[in-house]
Amino acid sequence: MSAPTAVDVRARIREVLARDVLPYAEQWERQRHISAAGWRDMGLAGLFGHPHTGPGFLDSAVLLEELGNTGYAGIRAAVGVHAYMAASYLEMFGSPEQRAAYRPGMLAGTTVAALAISEDAAGSDLRRLSTVATPDGTGGYRVTGVKRHVANGSRAGLFVVLARIGETVAGSGLTGAALLLVDAGLPGVTREPEPMIGWHAADVCRIGLTDVPVAGNRLIGRPERTLLYLMQALNMERMVAGLLAVGGVMHCVDLVDRFARSHQIKDGPLSANQSVRHRIADLRAQLDLVRQYGYHAARSHSRGDLDVRTASVLKLQATELAVSAAQTCVQFHGARGYREDSAAARLYRDAMAGTIAAGASELMREMIFEG
């Protein structure tokens, strides 16, 4: 039997998304989280089992693009965090025992994963990290701090937490920082919803950690290598965010194109106006370029040589194009596009979050300049 082609992989992913995601997307948006059954269905369908590295990552790139193409950025963010951004820490730096403890549940969708990295004073710049993991004298730690803007926050069974080991020294960089796997059911873990204007299904929460007991075998890798772990994982995170955004632009441009061709103005369709046709043509041209760059980034990652510049360029250009496309979509739809319940309005408010999460556009520009 011949190996499945990229077309086969895309067709299968679209079939799964059409069956297990799209029929429930509006419900998940309203309740502001993906249901437990939804996570399990996606896991059972194998959506969380695509490779993180090697040539097989190109199948993951197709999945990420198609998740974006659903048009629901909150869902794509939740799945992207669970299946790639949080999972990458286990896949790349976790021990065999840690992977054995958590990966089966994550693949099955019965253990939802979240990244608890950002804080009020430590977002794109993590140097003012204040969460502390204090050694408890028995080989374990007591973790205390507050994490903000955590996707999958209320449903997560596992948090990947960035903390300082021992005393907090404000502004001292990430010296002494470490990554820990924190089970959500441990005493001292609290969750509080942080309602956002977009990404409704992403389940964004404030996570409180108060003297949370974490076993020593839940420390990821070696603390002295934490900065290197973060740099590598953030490249992955930004590439994932870029590929998801590319799919979002695909959905948005298709939506505005269909509307322009079908909506009647005076004696013809909206697309009879040259300015409308040219604007859509510009968006399609920009999408083609960014999409090809996304494949370049995915291939680089599959070879093990994804660099900061490539990840930053993709994340910046894809998310900024998503905002531009969504603005055009709302404008061409007119008042109906500005209605709170319209797809165009959802795309616009969702697109703005993409330029902030996983590193704001301003930070991406700085990293590209420095690179």
Fluctuation leader among MET85, MET239, MET250 - the chain, Gaussian network, Cα springs under 10 angstrom: MET250
Separation between Cα centres of the range 115-155 and the range 72-110, rounded to whole Å: 18 Å
Cα centroid separation, the range 302-325 to the range 10-38 (Å): 26 Å
Whole-number accessible area per residue in Å² for the chain, which is evaluated in the context of all protein chains at 1.4 Å: 44 Å²
Most mobile of ALA86, ALA360, ALA285 in a GNM of the chain (Cα contacts under 10 Å): ALA285
Helix runs (DSSP H) in the chain reaching 30 Å along axis by Cα, Kyte-Doolittle at least -0.5: 226-262, 308-333
GNM top mover of GLY94, GLY185, GLY248 - the chain, alpha-carbon springs below 10 Å: GLY185
Carbon plus sulfur fraction of accessible area for the chain, probe 1.4 Å, in percent: 54 percent
Two-decimal Rg to Rh for the chain - Kirkwood Rh, Cα set: 0.99
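So what is the calculated 222 nm ellipticity per residue for the chain, using -39500 (n - 2.57) for each DSSP H run with n of 4 or more, over all residues, to the nearest 500 deg cm²/dmol?
On the way: 13 runs with 190 residues, N = 371.
One gets -16500 deg cm²/dmol as the mean residue ellipticity at 222 nm.
The values are calculated or read from the model by the stated rules, or taken from the named source; none is laboratory data. Fair warning: this is a prediction, and the values are worked out from it, not measured in the lab. Just the protein is used for accessible areas: all its heavy atoms, side chains included, with ligands, DNA and RNA removed. Shrake-Rupley method; radii C 1.70, N 1.55, O 1.52, S 1.80 Å.
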